[in-house]
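Undergrad: I have a structure here, written as structure tokens, and I will follow up with some questions on it.
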Amino acid sequence: MKKGRVFSGARPTGRQHLGNYFGAIRNYVALQEEYDCVYCVVDLHALTSLVDTSPLREYTYEMVLDWLAAGIDPTRTIVFVQSHVPQVTELYTLLGMTTPLGWLTRLPTFKDKVREQPDNVNYGLVGYPVLMAADILLYKADAVPVGIDQAPHLEFTREIVRRFNARYGEVLVEPQMVLTEAPKILGLDGVSKMSKSLEKDNSIELADSPEDITRKVMGAVTDPARLYKKDPGHPEVCNIFTLHRLIAGDEARMDQIARDCRGATLGCVEHKRMFARELIEFLAPFREIRAKYAEHPDDVWDILRDGAARARVIASQTLDEVKRAVRLP
Ligand code: TRP
């Protein structure tokens, strides 16, 4: 018996990198063991920031391909595209009527967006958290895994539920927030967060070829204070060390590497070569499954169509309950 239902969403951003993997995907995969999971590509949310929408289809396909390759199992888990289940927009409208505008404009996430895109402060941006609440509530999720950046949105969702239920009766389910323990993954420059928007070589994508991995790792920044091999290294500030520990799964060995680095018997170039080799191996099964799926792109779209059909069954039921509670004639 499963513990309940998990829902999570991610904006379609195309090929996923190590930061996405250790920050979210790995956890999505693990949660399938104990929960009924629903994972959604939130294309409508993406529209609040995207001006050029032409890559949406490709971004969706590439991201879902990565999810499947990482171990999201579509026979157990519902994987779908947000806009394929339009009931979410109806619930979004209804939730909007009980949401005080001040709650939305006060959110730090909204203020950040206004700063990021001052020329595109659209109505959808203000409603972003309401749409996210609609995602979660439509599927009566018991638990929602999110990174710390999304915590205000989850708290907001819980407040919406309390307010809505107080007015209309116990119809919505208050979800638990499951904070994903996400190590801070920096890009290969060792300074900024790993992200795809920066110049291409700052991230390692899960689908990168062995050659690309080697090239990117060998060009990566390590301990900035260490110029020569004879200088003692500082593994605690070395991004390559952090990444290596994430994939190594052997703490004793990583402790030894840290000692060798501090004692200047292991140089950065040597360590990067070792890490690149192991990363290529770590991602090998992933590349293999991904290549199999990529041979039949239509299968990926079929999986999404099937996911949407299963999602709609749950969605229409919740929406009926909500409309009844609101006393819509
Ligand atoms: N806002 C989330 C993000 O940017 C994406 C998202 C949309 C989401 N709907 C959701 C996350 C529902 C969890 C649950 O990362």
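Only the coordinates and a few stated rules stand behind these numbers; no lab work does. Since the structure is predicted, the reported quantities are computational estimates derived from the model, not experimental observations. Methodologically, a virtual Cβ is constructed for each residue, glycine included, from the backbone with ideal geometry; neighbour enumeration extends over all protein chains shown.
Undergrad: Run the helix sum for the chain: -39,500 (n - 2.57) per DSSP H stretch of 4+ residues, divided by residue count, reported at 222 nm to the nearest 500 deg cm²/dmol.
TA: -16000 deg cm²/dmol
Undergrad: Tally Lys/Arg at +1 and Asp/Glu at -1 over every other residue whose Cβ is under 15 Å from the Cβ of Asp149; what's the total? Walk me through the numbers on the way to the answer.
TA: Numbers: positive: Arg11, Lys111, Lys113, Arg115, Lys184, Lys193; negative: Asp112, Glu116, Glu155, Glu181.
The answer is +2.
Undergrad: Also, I was wondering about something else. Hand me the GluC sites (Glu not before Pro) from region 34-65 located in a DSSP loop with no more than 15 other Cβ atoms within 10 Å, in residue order please.
TA: Passing sites in region 34-65 are Glu34.
Undergrad: Based on the Cβ-Cβ distance from Asp201 to Arg273, what FRET efficiency comes out when R0 is 25 Å, to the nearest 0.05?
TA: Numbers: r = 18 Å, r/R0 = 0.70.
My answer for the efficiency is 0.90.
Undergrad: Measure nothing fancy, just the Cα-based angle from helix 284-294's long axis to the longest principal axis of the chain, in degrees from 0 to 90, nearest 10.
TA: Relative to the chain, helix 284-294 is tipped by roughly 50 degrees.
Undergrad: Ranking request for peptides 50-57, 184-191, 106-113: highest mean number of other beta-carbon atoms within 10 Å first, then the rest in descending order.
TA: Details: 50-57: 11.9, 184-191: 17.8, 106-113: 14.8.
Highest mean packing first, the order is 184-191, 106-113, 50-57.
Undergrad: Turning to a different aspect of this structure: If you fit an axis through the alpha-carbon atoms of helix 87-96 and take the longest principal axis of the Cα set of the chain, what angle between them do you get, 0 to 90°, nearest 10?
TA: Between helix and principal axis, roughly 80 degrees.
Undergrad: Continuing with the same structure: For a quick check: sort Phe275, Phe22, Phe282 by the number of other beta carbons within 10 angstrom, fewest at the front.
TA: Numbers: Phe275 24, Phe22 21, Phe282 17.
Going from sparsest to densest Cβ surroundings: Phe282, Phe22, Phe275.
Undergrad: Sequence-distant or interchain residues sharing an amide H contact under 5 Å with Val178, placed H: which?
TA: Under 5 Å from the amide H of Val178 lie the amide H atoms of Val144, Val146, each far enough along the sequence or on another chain.
Undergrad: What FRET efficiency would be calculated for the residue pair Glu159, Ser316, taking the C-beta separation as r and a Förster radius of 25 Å, to the nearest 0.05?
TA: Details: r = 26 Å, r/R0 = 1.02.
Here the calculated transfer efficiency is 0.45.
Undergrad: Still on this structure: Please give the FRET efficiency for Asp52 paired with Arg26, using the beta carbon to beta carbon distance and R0 = 51 Å, rounded to the nearest 0.05. If you can, show how the numbers build up before the last one.
TA: Working: r = 30 Å, r/R0 = 0.60.
FRET efficiency, Asp52 to Arg26: 0.95.
Undergrad: Run the quick spin-label model on Arg324 and Asp73: label points 7 Å from Cα toward the beta carbon, then report their separation in nm to one decimal.
TA: Going from the Arg324 label point to the Asp73 one covers 3.4 nm.
Undergrad: Normalising by the residue count of the chain, find the relative contact order in percent from Cα pairs under 8 Å and 6+ residues apart.
TA: Details: 472 pairs, mean separation 74.2, N = 329.
Computed over the chain, the figure is 23 percent.
Undergrad: Let me ask another. Given contacts defined as C-alpha pairs under 8 Å and at least six residues apart, what's the relative contact order of region 200-291, whole-number percent? If you can, show how the numbers build up before the last one.
TA: Details: 87 pairs, mean separation 33.1, N = 92.
The value is 36 percent.
Undergrad: Give me the percent relative contact order of region 24-175, please, defined on Cα pairs under 8 angstrom at least 6 residues apart. It would help to have the intermediate numbers written out before the result.
TA: Details: 135 pairs, mean separation 38.1, N = 152.
Computed value for region 24-175: 25 percent relative contact order.
Undergrad: If you don't mind, another one. Nearest 10 degrees, 0 to 90: what angle lies between the long axis of helix 151-168 and the longest principal axis of the chain (Cα atoms)?
TA: That works out to roughly 10 degrees.
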